[in-house]
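The values are calculated or read from the model by the stated rules, or taken from the named source; none is laboratory data. All values reported here derive from a predicted model rather than from experimental measurement. Note that we place each Cβ from the backbone using ideal geometry, even for glycine, and neighbour counts take in every protein chain shown.
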Amino acid sequence: MVILIKQIHFDATEKLQAFIEKKVNKLEKNFEDLQKVEVQLSVVKPSTANNKEVSMTAFVPGNQLHVEKTCDTFEEAVDQCVDSLKVQLTKFKEKLRER
C-alpha cells in the first residue's frame with residue numbers, strides 16, 4: 001500500500017508524518033486490497049480553534065472512499081479519519097461479499 005502525505009501551506013514534522021503512517025497502516029487489517037491512501041493536511045484559518053483539516057482518500061479496486069475531518073490537532077483529526085475509513089472499508093468489504 002502506498003501512503004501519500006500532502007501538506008498545504010505548511011511543513012509537517014517527521015513525528016507527525018510517522019504518526020500518520022502508523023495509523024494509516026492499520027487500515028490494511030480491515031481491507032487487504034487497499035492500493036493507496038492519500039492524506040491531505042491543511043491549516044484552515046491560523047489562530048482559530050479547530051483549524052486543522054485532514055482529508056483522506058482510500059483507493060480500493062474499482063472505487064475510492066473519502067473522509068474529511070476538522071479538529072484542534074492533526075493527530076486528533078487523523079484518528080477520526082482513520083476510524084471513519086475503517087467503518088467505510090468494513091461496509092465496502094461486506095458489499096463485495098454479497099456480490
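Return a yes/no flag: does segment 5-22 have any residue that is over 14 Å from Phe74 (Cβ atoms) and either surrounded by 11 or more Cβ atoms within 10 Å (Cβ to Cβ) or not basic (Lys, Arg) (or both). Step through it out loud before you land on a result.
Initially, segment 5-22 is screened for residues over 14 Å from Phe74 (Cβ atoms), giving none.
No: zero hits.
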Original post:
Does at least one position in segment 54-62 carry a residue that is at pLDDT 90 or above, closer than 17 Å to Met1 by Cα and touching a Pro at 6+ places or on another chain (Cβ under 9 Å)?
Top reply: no
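Tell me the residue from Asp33, Asp83, Asp72, Asp79 that is farther than 20 Å from Ile3 by Cβ and either out of contact with any Asp or Glu (no Cβ under 7 Å at 6 or more places or on another chain) or surrounded by 16 or more Cβ atoms within 10 Å (Cβ to Cβ) (or both), please.
Numbers: Asp33 fails: farther than 20 Å from Ile3 by Cβ; Asp83 fails: farther than 20 Å from Ile3 by Cβ; Asp79 fails: farther than 20 Å from Ile3 by Cβ.
One residue alone meets the criteria, Asp72.
Per-residue answers, yes or no, for (1) aromatic (Phe, Trp, Tyr); (2) closer than 23 Å to Thr13 by Cβ:
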{"residue": "Ser42", "(1), (2)": "no, yes"}
{"residue": "Asn50", "(1), (2)": "no, yes"}
{"residue": "Val54", "(1), (2)": "no, yes"}
{"residue": "Thr57", "(1), (2)": "no, yes"}
{"residue": "Phe74", "(1), (2)": "yes, yes"}
{"residue": "Lys86", "(1), (2)": "no, no"}
{"residue": "Lys91", "(1), (2)": "no, no"}
Original post:
Are there any strands (runs of 3 or more DSSP E) wholly within the chain with 2 or more residues that are free of Cβ contacts under 8 Å to residues at least 12 places away in the same chain, and if so which?
Top reply: 63-71
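Taking the residues in segment 9-36 that are touching a Leu at 6+ places or on another chain (Cβ under 7 Å) and hydrophobic (A, V, I, L, M, F, W, C) as candidates, determine which candidate is nearest to Lys86 (Cα to Cα).
We begin by selecting, within segment 9-36, every residue touching a Leu at 6+ places or on another chain (Cβ under 7 Å); these are 12, 27-28, 30-31, 34, 36.
Still in the running and hydrophobic (A, V, I, L, M, F, W, C): 12, 27, 31, 34.
On the way: Ala12: 24, Leu27: 6, Phe31: 9, Leu34: 12 Å.
That would be Leu27.
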**OP:** Run Asn50 past the list (1) surrounded by 16 or more Cβ atoms within 10 Å (Cβ to Cβ); (2) at pLDDT below 95 and report the number of the one that doesn't hold.
**Re:** (1)
